[in-house]
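Worksheet: the structure to be examined is printed underneath.
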Amino acid sequence: MKLVVVSAGLSVPSSTRLLADRLAAAVDRRTPVDVQVVELRDLAVEIAHHLTNGFPGRALAAAQAAVAGADGLVVVTPVFSASYSGLFKSFFDVLDKDALAGKPVLIGATGGTARHSLVLDHALRPLFAYLRAVVVPTGVYAASEDWGAQGLADRVERAAGELATLMTGLPAAGPAEPGEAGDALTVVPFEQRLAELGA
């Protein structure tokens, strides 16, 4: 299976990349994956050109293909002005509109203070819901004071476990053929369920 990590960190070294690497390693401990990292910092010029002329450069096209062909994604952005960075958003703006449909995604963010942790639910989760991705329940935010703290390690492990489960356990997409009962929903009458529970 292929896990693609999208990191929007700008500095070297980058806490955003560090968080992304920890998340990818935790996923790999649960299910073996081939990890490919997409560093958006290296694609900034090609992303800007694509936005203005509509054509991806060679490196950006390779990154787009990697994301579209991934079995799962880890995406991490630094927080800028209480939201994801412009570079992060621009990359997802130049993807094909169906590239993330049904794809499991683990969201993460880094910032200088814990006050920005709501960026996961107020910015990243809506973005990936719009792109029709399947976002894992646990997002991971790391403030400066979180590094080395036990709480961060616990969140990383929980989120990685959720992504690994989605990557390995989702049924194949597509509607069932007529007469196919494999994915049929079994409806149990309320009264029968009460009797089974001894109520």
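The values are calculated or read from the model by the stated rules, or taken from the named source; none is laboratory data. Keep in mind that this is a model prediction, so the values were computed, not measured. Glycine gets a Cβ as well: all are built from the backbone with ideal geometry, and neighbour counts include every protein chain shown. In case anyone asks, the SASA skips ligands and DNA or RNA and just uses the protein heavy atoms, side chains included. Shrake-Rupley method; radii C 1.70, N 1.55, O 1.52, S 1.80 Å.
Summary of values
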{"read-out": "Among (1) crowded, with 23+ Cβ neighbours inside 10 Å; (2) assigned to a strand (DSSP E or B); (3) β-branched (Val, Ile, Thr) - the single one residue 35 does not satisfy", "value": "(1)"}
{"read-out": "Which numbered condition residue 163 misses (of (1) surrounded by fewer than 19 Cβ atoms within 10 Å (Cβ to Cβ); (2) of a type outside the set (S, T, N, Q); (3) in contact with a helix residue (DSSP H, G or I) (Cβ under 6 Å, 6 or more places away or on another chain))", "value": "(1)"}
{"read-out": "Test: residue in segment 85-100 that is within 17 Å of residue 15 (Cβ to Cβ), touching a residue at least 24 places away in the same chain (Cβ under 8 Å) and surrounded by fewer than 15 Cβ atoms within 10 Å (Cβ to Cβ)", "value": "no"}
{"read-out": "Count of residues meeting criterion [touching a strand residue (DSSP E or B) at 6+ places or on another chain (Cβ under 7 Å) and of a type outside the set (Gly, Ala, Ser)] in segment 128-167", "value": "12"}
{"read-out": "Residue check, residue 115 exposed (fewer than 13 other Cβ atoms within 10 Å of the Cβ) and of a type outside the set (Ser, Thr, Tyr)", "value": "yes"}
{"read-out": "Selection from segment 40-68 of residues that are open to solvent by 50 Å² or more (accessible area, probe 1.4 Å) and part of a loop (DSSP other than H, G, I, E, B)", "value": "55, 56"}
{"read-out": "Those residues of segment 2-32 which are surrounded by 20 or more Cβ atoms within 10 Å (Cβ to Cβ) and either over 15 Å from the mean Cα position of the chain (by Cα) or part of a strand (DSSP E or B) (or both), in sequence order", "value": "3, 4, 5, 6, 7, 9"}
{"read-out": "Counted residues, segment 119-148 - those being open to solvent by 40 Å² or more (accessible area, probe 1.4 Å) and over 16 Å from the mean Cα position of the chain (by Cα)", "value": "4"}
